[in-house]
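Peer 1: Sharing a structure below in structure tokens format, with a few things to ask.
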Amino acid sequence: MLLQPLGTPPGYPFDSPSDAFTPRQISGLEYWFDAKDLASLFQDNTLTTPVTTTGQTVGGWKDKANARHLVQATGTLKPTYRSSYINGRPAVESDGVDDFLRYSGVTLAQPLTIYFVGKLTSTTILQRWFDSALTNQLSAFVTAGGIRRIAAPTTIDSGAASTVARLHTCVFNGVSSAYYVDSTLVGGPADAGTNSIDGLTLFAARGAGANSLGGGIGEFLAYSGVHSASQRQMVEQYLKQRWGL
């Protein structure tokens, strides 16, 4: 007789035992923000008051990779936790006006491979998924005309944005940079520039935090280095399974 093994399944705390992959299995993980991990979300920038229910504002989002936590001290600039936003799964939502979270710290040089799962509420405003914190532009954003774009600071366009939840993969590697959406190459390989990313801003531009996103992010991963096709497929499959894509 076969017995069911005791203990947690191999993929715990993911959606099923088949989700055994974890982002830490690939070296170079620099940032990991996960809205499904409610314990990583806080109402305050000192990370002392947990987010417990939908509709609460987010003043701190813990980085699960290197403790480079994103924070926002000003109440009117805090995004909001939504328990059901991306295919029935949670996200941190920005208002499209002035919300953003930021970590001002380490500078990371290219090459970089950045993944995120997000959903827009509008495609008709200039809005940023992410950027540096300070000076150098290294960002993914949507133009006022609704075009997806990455820049560091040279721009690569990658087709029209939509309000459907998507998986974005942004490879910043100088003249060999590329943009994938739902695992399909939509921009590049081309020149995105050679800027490093100094710190990290989610939901807005570096500096004063203009171009606030009208939408939400469920999960964000950033790695040093360019991922091979097999590595990229592992991360993308993990994100697709977790977010119902």
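The values are calculated or read from the model by the stated rules, or taken from the named source; none is laboratory data. All of these numbers come straight from a predicted model, not from anything done at the bench. Please note: Cβ atoms are built from the backbone with ideal geometry, for glycine as well, and neighbour counts cover all protein chains shown. Side chains included, ligands, DNA and RNA excluded: accessible areas come from the protein's heavy atoms. Shrake-Rupley method; radii C 1.70, N 1.55, O 1.52, S 1.80 Å.
Peer 1: Out of these labelled values of volume of the Cα convex hull per residue in Å³, [x] 111; [y] 151; [z] 124, which was calculated from the coordinates shown here?
Peer 2: Checking each listed value against the structure points to [z].
Peer 1: Averaged per residue, what accessible surface does the chain expose to a 1.4 Å probe, in Å²?
Peer 2: Dividing the accessible area of the chain by its residue count gives 40 Å².
Peer 1: Using the crude model of +1 on Lys and Arg Cβ and -1 on Asp and Glu Cβ, and no other charge, please compute the dipole size for the chain relative to its Cα centre, in debye to 20.
Peer 2: For the chain, the charge dipole is close to 140 debye.
Peer 1: Note the full-extension length gain between Asn87 and Thr184 as 0.36 nm times their separation in residues minus their Cα-Cα distance, in nm to one decimal.
Peer 2: Difference between extended and current length: 32.9 nm.
Peer 1: Putting +1 on Lys and Arg Cβ atoms and -1 on Asp and Glu Cβ atoms, find which of Ser196, Gly159, Thr107 reaches farthest to the positive end of the dipole of the chain.
Peer 2: Result: Gly159, furthest along the dipole toward the positive end.
Peer 1: If you don't mind, there's one more thing I want to ask. Measure off, as a whole percent, the carbon and sulfur share of the 1.4 Å-probe accessible area of the chain, all protein chains present.
Peer 2: Carbon plus sulfur share of accessible area: 53 percent.
Peer 1: Can I ask one more? Which of the three applies to segment 141-199, rounded, prolate or oblate, going by the alpha-carbon gyration tensor with a ≥ b ≥ c and a/c under 1.5 meaning rounded?
Peer 2: Taking the square roots of the gyration eigenvalues as a ≥ b ≥ c, segment 141-199 is prolate.
Peer 1: I would also like to ask the following. Can you tell which of Gly209, Gly199, Gly145 shows the greatest fluctuation in a Gaussian network model of the chain with Cα springs below 10 Å?
Peer 2: Of Gly209, Gly199, Gly145, the Gaussian network model singles out Gly145 as fluctuating most.
Peer 1: Continuing with the same structure: For Ser224 and Thr22 in the same chain, what is the full-extension length gain: residue separation times 0.36 nm, less their Cα-Cα distance, in nm?
Peer 2: The span from Ser224 to Thr22 would gain 71.1 nm if fully extended.
Peer 1: Next question, about the same structure. In segment 145-245, what trypsin sites (Lys or Arg not before Pro) fall in a loop by DSSP, with at most 10 other Cβ atoms inside 10 Å?
Peer 2: Filter output for segment 145-245: empty list.
Peer 1: Here's a follow-up. So if I take the centroid of the Cα atoms in segment 139-153 and the same for segment 18-45, what is the distance between those two points in Å?
Peer 2: Here the two parts' Cα centres lie 25 Å apart.
Peer 1: Using 0.36 nm times the number of residues separating Ser176 and Val106, minus their current alpha carbon distance, what extension gain do you get?
Peer 2: 22.8 nm
Peer 1: Taking H as built 1.01 Å from N, whose amide H comes closer than 5 Å to the amide H of Ala133, not counting residues under 5 places away?
Peer 2: Asp198, Gly199, Leu200, Thr201
Peer 1: Classify segment 116-230 from the C-alpha gyration tensor, please: rounded if a/c falls under 1.5, else prolate or oblate depending on whether a/b exceeds b/c.
Peer 2: Rounded, since a/c falls under 1.5.
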